[in-house]
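Can you keep this structure in mind? I'll have questions shortly.
Read-outs throughout are calculated quantities, based only on the coordinates presented, and are distinct from any laboratory measurement. Quantities reported herein were computed from a predicted structural model and do not represent experimental measurements. With ideal geometry, Cβ positions are generated from the backbone for all residues, glycine too; neighbour counts draw on all protein chains shown.
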Amino acid sequence: MLQSIVTLEAIKRYNGQKEINFPSRTVVTAEARSWAERNGLTIKIGGKPIGPTPEYYRESRDNRIVISVIGEDRVGIIARVSGVLAEHNVNILDITQTALEGLFTMIMLVDAGKASISFEKLKEALIKAGEEIGVRVDAQHEKVFRFMHRI
């Protein structure tokens, strides 16, 4: 069972230290890992060093987009949205989805750095695809999303 989650804000409290050891069953977010690496802080969980930050967190975040999908659950939602992304050379970095009592929600983090169309055109294509299958799709740059949803 998960014991705790170490976020970017939590890891910043250890600024200036060289090493920190968290208990087993602790999860350290990729943002926290990346910050620790940049600041010379070694993170251990249960006495063992954690692996490196995933590559997509080290790259520029300027081209990352958060896509949200909400609507009634039906066959083909993920296929339709991911199809639009593939059609325009947008890479899915992370995806989570759930269906609860007939309702469907999905959040995707994508990299549009090599996209064949602009952000605005991609957003229009996603919204149109959502309308065709009866779900609401929204897309915004990750930096805007994080700013709007900070605690």
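Of L126, F104, A36, which is farthest on the positive side of the dipole of the chain, counting Cα position, with +1 on Lys and Arg Cβ, -1 on Asp and Glu Cβ, and the Cα centre as origin?
The one lying farthest along the dipole's positive direction is A36.
Normalised by the residues of segment 4-57, what does the relative contact order come to in percent, with Cα pairs under 8 Å and at least six apart?
39
Given K121/K143; K12/K48; K44/K123, which pairs have Cα atoms separated by over 29 Å?
K44/K123
So, one more: With n ≥ 4 as the cut-off for DSSP H runs, can you work out [θ] at 222 nm for the chain, using -39500 (n - 2.57) per run divided by the number of residues, rounded to the nearest 500?
Estimated from H runs of four or more residues: -9000 deg cm²/dmol.
If you project the alpha carbons of segment 64-148 onto their three principal axes, what span does each projection cover, largest first, in Å?
On the principal axes, segment 64-148 reaches 36, 27, 18 Å in Cα extent.
Could you give the size of the charge dipole of the chain about its Cα centre, using +1 on the Cβ of each K and R and -1 on the Cβ of each D and E, expressed in debye and rounded to the nearest 20?
The calculated dipole for the chain is roughly 720 debye.
On to the next question. Counting DSSP beta bridges with both partners in the chain, what percentage is antiparallel, nearest 5?
About 80 percent, rounded to the nearest 5.
Measure nothing fancy, just the Cα-based angle from helix 119-133's long axis to the longest principal axis of the chain, in degrees from 0 to 90, nearest 10.
That works out to roughly 60 degrees.
Using only the Cα atoms of the chain, construct the convex hull and provide its projected area averaged over every direction, in square nanometres to one decimal.
10.5
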